[in-house]
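S.K.: Sending over a structure as structure tokens; questions will come in a sec.
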Amino acid sequence: MSTDKTNQSWGGRFSEPVDAFVARFTASVEFDKRLYRHDIMGSIAHATMLARAGVLTDAERDSIIGNLKDIQAEIEAGQFDWRIDLEDVHMNIEARLTDRIGVVGKKLHTGRSRNDQVATDIRLWLRDEIDTILKEITRLQQGLLGLAEAEAGTIMPGFTHLQTAQPVTFGHHLLAWFEMLSRDYERLVDCRKRTNRMPLGSAALAGTTYPIQREITCELLGFEAISGNSLDGVSDRDFAIEFCAAAALAMMHLSRFSEELVLWTSAQFQFIDLPDRFCTGSSIMPQKKNPDVPELVRGKSGRVFGHLSGLLTLMKGQPLAYNKDNQEDKEPLFDAADTLRDSLRAFADMVPAIKPRREIMREAALRGFSTATDLADYLVRKGLPFRDCHEIVGHAVKYGVESGKDLAEMSLDELRRFSDQIGDDVFAVLTLEGSVNARDHIGGTAPAQVRQAVARGRELLAAR
Ligand code: ARG
């Protein structure tokens with residue numbers, strides 16, 4: 001990067017070059033150059049519109065568009081000399097255009113400002129990122145459906161307070177993650193609508209005196225609507241904050257999911273195996289296989305929460321309209337999108353490879369009196385009030401703790417010590433299968449319900 005000359009785009013009113021450190025301090029090109037494709041897309045649409053409005057000739061338009069495409073090829077071939085003295089991606093590209101075609105290149109910026117240009121670029125960029133992220137969510141959800149279907153009848157302990165609560169099916173547990181991701185998907189689709197509005201034409205802040213036709217650029221760029229106020233158009237970044245909020249929620253879900261994978265792969269649980277390719281070893285402890293991918297995703301959630309808070313703070317004191325503060329929107333936004341996309345990608349690759357250890361899950365469900373509620377419900381069906389049943393079963397559990405027996409391991413005589421209402425039909429109720437099959441309603445854990453939920457899930461994904 002060179003830092004010589006006075007800036008050619010605004011140097012007119014300046015009598016000395018910008019201090020070298022200030023040039024570096026105020027420049028954004030190091031990070032905003034990743035907007036180059038969307039910047040060129042916006043410029044091509046702008047030039048097309050200017051020609052239709054009679055501001056550029058057709059020949060000027062063609063020269064601008066052809067050369068912008070060549071510049072894009074230069075960038076993609078790694079042959080573009082990004083200059084820090086040209087501050088940002090916008091002025092780097094415009095300066096290169098002028099290098100190539102002289103005075104015609106200087107006409108591109110007619111009726112436009114970097115303020116509406118950058119606001120347009122970020123929206124175009126974020127729209128594409130959202131689309132990629134939506135695809136990754138769908139891929140992860142497909143993996144969850146496949147695993148849930150295969151494990152619809154696999155029984156594990158369900159937890160509250162991380163204490164054994166009631167038996168659930170592993171498929172049902174996996175579908176809880178499917179539901180959360182469906183809401184994440186909806187939030188991003190909704191955020192995309194507000195991202196997909198066009199600020200171009202707002203110019204610096206007040207609009208422009210040229211006969212621009214914003215409907216044309218709107219259509220060329222595939223925006224759903226034109227921003228209704230130029231001051232708001234150049235300064236608003238709430239779409240970026242909204243994206244970070246949706247990303248933070250999705251990362252929070254992935255972080256909780258990660259925590260379960262970390263627990264389940266531990267020697268204490270051993271509920272699942274993760275293939276070696278998603279884990280790493282320890283340089284000192286030869287026995288170790290660490291669940292790095294879930295741990296990292298859990299850790300990375302923190303940076304996305306931070307970006308949400310950072311962007312809110314960036315905006316909160318800004319008067320209308322554009323302020324240079326807004327240049328600080330990019331790094332957090334880029335990182336939030338990169339982090340969410342990569343975390344989803346890692347999960348989408350990993351989830352179908354999860355190997356459940358069905359016997360161990362089942363053993364765990366047999367311990368911890370997971371069918372105690374079923375015994376209480378059984379006594380209710382025999383005509384006792386629920387509170388009394390709760391107490392009766394409490395005594396039975398106490399006896400079980402002391403004698404080392406689970407409820408299903410007690411004899412009928414033993415059980416009848418706690419209530420004479422108990423008959424030998426009780427054992428069907430105390431089995432794990434009896435327990436999960438009994439929860440046979442929409443949203444319940446019965447294997448039949450899990451299979452129906454998988455079918456509904458498949459329909460949902462097919463309609464996207
Ligand atoms: N690099 C700037 C940004 O990201 C572009 C807009 C600059 N506008 C200005 N008036 N200095 O916000």
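The values are calculated or read from the model by the stated rules, or taken from the named source; none is laboratory data. The model shown is predicted, which means the values in this text are computed figures rather than measured ones. Every residue, glycine among them, receives a Cβ derived from its backbone with ideal geometry; neighbour counts consider all protein chains shown. Just so you know, the surface numbers come from the protein's heavy atoms only, side chains and all, with ligands and any DNA or RNA stripped out. Shrake-Rupley method; radii C 1.70, N 1.55, O 1.52, S 1.80 Å.
S.K.: With a 1.4 Å probe and all protein chains kept in place, how do 25, 14, 278, 347 rank by accessible area, largest first?
M.R.: Numbers: 25 150, 14 95, 278 25, 347 0 Å².
Highest to lowest solvent-accessible surface, that is 25, 14, 278, 347.
S.K.: Using +1 on the beta carbon of Lys and Arg, -1 on that of Asp and Glu, and nothing else charged, what's the dipole of the chain about the Cα centre, debye to 20?
M.R.: Numbers: 57 positive and 68 negative charges, 81 e Å.
Dipole magnitude for the chain comes out near 380 debye.
S.K.: Further, regarding this structure: State the answer as a single residue: which of 115, 134, 145 lies farthest towards the positive end of the charge dipole of the range 104-147, with beta carbon charges of +1 for Lys and Arg and -1 for Asp and Glu, about the Cα centre.
M.R.: Positive-end residue among those listed: 115.
S.K.: If you don't mind, there's one more thing I want to ask. Do the sum for the chain: with -39,500 (n - 2.57) for every DSSP H run of n ≥ 4, divided by all residues, what is the mean residue ellipticity at 222 nm, to the nearest 500 deg cm²/dmol? Show your work: numbers first, answer last.
M.R.: Details: 19 runs with 279 residues, N = 464.
That calculation yields -19500 deg cm²/dmol at 222 nm.
S.K.: Could you list the square roots of 5 times each eigenvalue of the Cα gyration tensor of the range 334-431, that is, the equivalent ellipsoid semi-axes, sorted largest first and rounded to whole Å? Present the calculation step by step, with values, prior to reporting the outcome.
M.R.: Values: eigenvalues 364, 52, 28 Å².
Sorted largest first and rounded, they come to 43, 16, 12 Å.
S.K.: State, to one decimal in nm², a quarter of the convex hull surface area for the C-alpha atoms of the range 37-138, i.e. the direction-averaged projected area. Display every interim value, and only then the final one.
M.R.: Numbers: hull surface 29.8 nm².
Spelled out: convex hull of the Cα atoms, projected over all directions, averaged, 7.4 nm².
S.K.: What's the angle, to the nearest 10 degrees (0 to 90), between helix 386-403's Cα axis and the longest principal axis of the chain?
M.R.: That helix lies at roughly 80 degrees to the long axis.
S.K.: Still on this structure: When only the heavy atoms of the protein chains count and the probe is 1.4 Å, how do 266, 343 rank by accessible area, highest first?
M.R.: Details: 266 30, 343 5 Å².
Final ranking, largest accessible area leading: 266, 343.
S.K.: Considering only 385, 53, 227, whose Cα is most displaced toward the positive end of the charge dipole of the chain, charges sitting on Cβ of Lys, Arg (+1) and Asp, Glu (-1)?
M.R.: Ranked along the dipole, the leading option is 53.
S.K.: All other residues with a Cβ under 10 Å from the Cβ of residue 294 taken together, and with Lys, Arg as +1 and Asp, Glu as -1, what is their net charge? Don't jump to the answer; show the numbers that get you there.
M.R.: Details: positive: 298; negative: 259, 260, 292, 295.
Charge balance in the 10 Å sphere: -3.
S.K.: When we measure straight from the Cα of residue 106, which lysines land under 21 angstrom away, once same-chain ones fewer than 8 places off are left out?
M.R.: 5, 33, 69
S.K.: On to the next question. At 1.4 Å probe size, with no ligands or nucleic acids counted, give the accessible surface of residue 307 in Å², nearest ten.
M.R.: Surface open to solvent at residue 307 totals about 40 Å².
S.K.: Between the range 180-253 and the range 443-463, how far is it from one alpha carbon centroid to the other, in angstrom?
M.R.: 34
S.K.: Same structure, new question: As a test of reading the structure, rank 122, 284 by solvent-accessible area (1.4 Å probe, protein chains only), most first. Provide the component values of the computation, followed by the final result.
M.R.: Working: 122 0, 284 135 Å².
Largest accessible area first, the residues go 284, 122.
S.K.: Right, something else. Using only C-alpha atoms and all pairs of different ones, pull out the Kirkwood radius for the chain in Å with one decimal. Can you show the working numbers first?
M.R.: Numbers: mean 1/r = 0.0379 Å⁻¹.
One decimal place: 26.4 Å for the Kirkwood radius.
S.K.: Also, quick follow-up: On a 0 to 90° scale, report how tilted helix 372-381 is relative to the longest principal axis of the chain, with both axes built from alpha carbons and the result rounded to the nearest 10.
M.R.: Relative to the chain, helix 372-381 is tipped by roughly 60 degrees.
S.K.: So what's the angle, to the nearest 10 degrees on a 0 to 90 scale, between helix 330-350 and the longest Cα principal axis of the chain?
M.R.: That works out to roughly 40 degrees.
S.K.: Assuming R0 = 30 Å, what is the FRET efficiency of residue 73 and residue 210, from their Cβ-Cβ distance, to the nearest 0.05? Can you show the working numbers first?
M.R.: Working: r = 30 Å, r/R0 = 0.99.
Efficiency for this residue pair is about 0.50.
S.K.: Looking at 318, 285, 267, which one has the Cα that reaches farthest to the positive end of the dipole of the chain (charges on Cβ: Lys, Arg +1; Asp, Glu -1)?
M.R.: 318
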